[in-house]
Amino acid sequence: MTTAPGTADRHGAARVLVAYAGVHGSTRSIAERLAARLREQECEVDTIAVDVVTDPARYDAYVVGSAVHDMVWLPPALRFVRANAGLLAGRDLWLFTVGMPDALRGPWRALAAREEEHVVGDLIAELRPRGHRLFSGVVEPEHLTRAGRVKFRAMGLRYGDHRDWSAVDAWGREIGRSLSGRGGPAGGTPE
């Protein structure tokens, strides 16, 4: 029995590609964590960096994420989604972005929502994903340029590991339940 793109048959698991682009490891670790939660929901999952994905058409669903540098997704992630836009838009797709909203303090926290719209607004319109989440990553002084460190310090931001594993786990389970037909829409925006 064959399945329609974007769905798994009643007896088979959804084949899911969790693809990511990152620099310092936060995005990869979040992608791996999402994949682990999807496997718990009986999905077949491959976790692969976007620049080494060879056959994206073999998957039923996609979770694609990128780190954010200078308020844009990384070039490899943008190339991947643009090269595969028709395929991704026609199947179940979720996007995630890894930035530093939890490193922000006080009035700077309000910038996170505006940054998210700037970063993924066009991707949302073009690809029509079932959901997008903005997660925080790890930010250390050596991850930033000298000018970036000066700006970071001037804004009163906090270095450290800001990953919220419970939020990542919850979203991964929600996507998995949605793919297995046991859950809700698994959409959502950052909380």
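Okay, here's what the table says:
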{"read-out": "Checking ASP164 against (1) open to solvent by 50 Å² or more (accessible area, probe 1.4 Å); (2) in contact (Cβ under 8 Å) with a residue 60 or more places away in the chain; (3) in contact with a Lys or Arg (Cβ under 9 Å, 6 or more places away or on another chain), the condition it does not meet", "value": "(3)"}
{"read-out": "From the options THR27, THR54, residue that is crowded, with 23+ Cβ neighbours inside 10 Å and among the hydroxyl-bearing types (Ser, Thr, Tyr)", "value": "THR27"}
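The values are calculated or read from the model by the stated rules, or taken from the named source; none is laboratory data. Please read these numbers as outputs of a predicted model, since none were measured by experiment. Note that each Cβ is placed from the backbone with ideal geometry, even for glycine, and that neighbours are counted across all protein chains shown. Heads up: the accessible areas ignore ligands, DNA and RNA and are worked out on the full protein's heavy atoms, side chains in. Shrake-Rupley method; radii C 1.70, N 1.55, O 1.52, S 1.80 Å.
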